[in-house]
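The values are calculated or read from the model by the stated rules, or taken from the named source; none is laboratory data. Please read all numbers here as calculations on a predicted model, not as lab measurements. Using ideal geometry, Cβ is built from the backbone for each residue, glycine included, and neighbour counts are taken over all protein chains shown.
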Amino acid sequence: MRADSITDAHLAQLDATKVRRVAIDGVRFTHGRRRAVLRVGNESLRRFAAQKNFPTLVLDRCSVTTKMVCDYTEDWFASAAESEKSVRSQICTVKRCAAVKGSQFEAECRKRGLHCKRRRGSGSLILYNIQAEHAQTEFTVATQPLEADELKKVDEQQ
């Protein structure tokens with residue numbers, strides 16, 4: 001793949017009110033560019049949230065940020081509270097997304113008053129079960145960190 005193989009502009013062509021699942025997984029870039037990311041990210045999550053539609057997400061090597069994943073989580077809680085018919089749990093998986101780091105995610109959740117419980121998932125996934133105060137709904141964010149050599153390159157660039 002190339003960084004522009006799928007972008008926010010591609011997802012914008014879909015009817016944001018009808019999408020139920022977005023799965024971008026197993027991403028490998030041409031020419032062995034390990035630190036490349038797809039140009040799918042914050043804008044797509046904003047579009048879904050604006051339509052009060054929260055599809056199940058699997059985003060691998062995308063350009064979403066920690067802050068946007070937290071915004072999306074909060075928007076989902078607000079939407080779930082409005083509707084008795086709403087889904088009581090939701091999952092968002094962000095794999096090898098350089099701008100989403102577990103420690104930052106936990107800190108951002110705490111800052112927003114969200115209760116975040118960290119646990120081990122299968123393989124290298126780390127799961128964060130998030131609950132809003134006094135809510136019976138749960139949002140799960142699964143993260144997979146960058147590999148050690150990729151993480152080193154990202155740190156060097158910053």
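Only one of the listed residues (Thr93, Thr137) is at pLDDT 90 or above, surrounded by 14 or more Cβ atoms within 10 Å (Cβ to Cβ) and either β-branched (Val, Ile, Thr) or over 29 Å from Ala3 (Cα atoms) (or both). That residue is Thr93. Within segment 92-143, being among the hydrophobic types (A, V, I, L, M, F, W, C), out of contact with any helix residue (DSSP H, G or I) (no Cβ under 8 Å at 6 or more places or on another chain) and touching a residue at least 60 places away in the same chain (Cβ under 8 Å) holds for one residue alone: Cys97.
Please indicate, with yes or no, whether at least one residue in segment 32-40 is farther than 21 Å from Pro145 by Cα and free of Cβ contacts under 8 Å to residues at least 12 places away in the same chain. No.
In segment 119-127, is there at least one residue being modelled with pLDDT under 75 and farther than 19 Å from Phe48 by Cβ? No - not one qualifying residue is present in segment 119-127. Residue selection: Leu45 satisfies the criterion of being closer than 20 Å to Ser5 by Cβ, buried (at least 18 other Cβ atoms within 10 Å of the Cβ) and in contact with a Phe, Trp or Tyr (Cβ under 8 Å, 6 or more places away or on another chain).
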